[in-house]
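One structure is given below, encoded as structure tokens.
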Amino acid sequence: MGSDGRRRYDPASVDRLVAACLEPGVSVSRLALEHGVNVNLLRKWIQRAKRLGHPVPAGPAFVPVQVGPDRSLAVQRSSLDKRIERLSCAAKLSASLPNGVSVSVECSDVDGLTAIIGALGHVQARR
């Protein structure tokens, strides 16, 4: 700090921070917080650097992309489906209902188990 109570910043550090702020996609506010600098002061430095003609990094260049059918994705999905079929096995479900009934089910049919779980979820307890 100077005798007037103001912080003094190293010019080389200021230049590096301004250069970082000029990179595409960078949050000036985030960098200001990370470096303990007031965001308004940092924005002033950025404006000064632009006025003085410091090089501003160019944004990302446009790259045309051609979208076509992706056959490899279809092959991956079919092989994944086959692996899932091989790995699927019977699931066991055991539940003790509030009315004292115990239910045990072993089933490999996912839709059937879903229906059973849904039905058990709607059973009213006796009072």
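None of the figures in this text is laboratory data; all of them are computed from the coordinates on show. Small disclaimer: the values here were computed from a predicted structure and weren't measured. No Cβ is skipped: glycine too gets one built from the backbone with ideal geometry, and neighbour counts run over all protein chains shown.
Points worth noting:
- Pairwise label distance in nanometres, residue 102 with residue 15, each label 7 Å out on the Cα-Cβ vector: 8.0
- Paired Rg and Dmax values of region 11-51, which use every Cα atom, in angstrom: 9.0, 25
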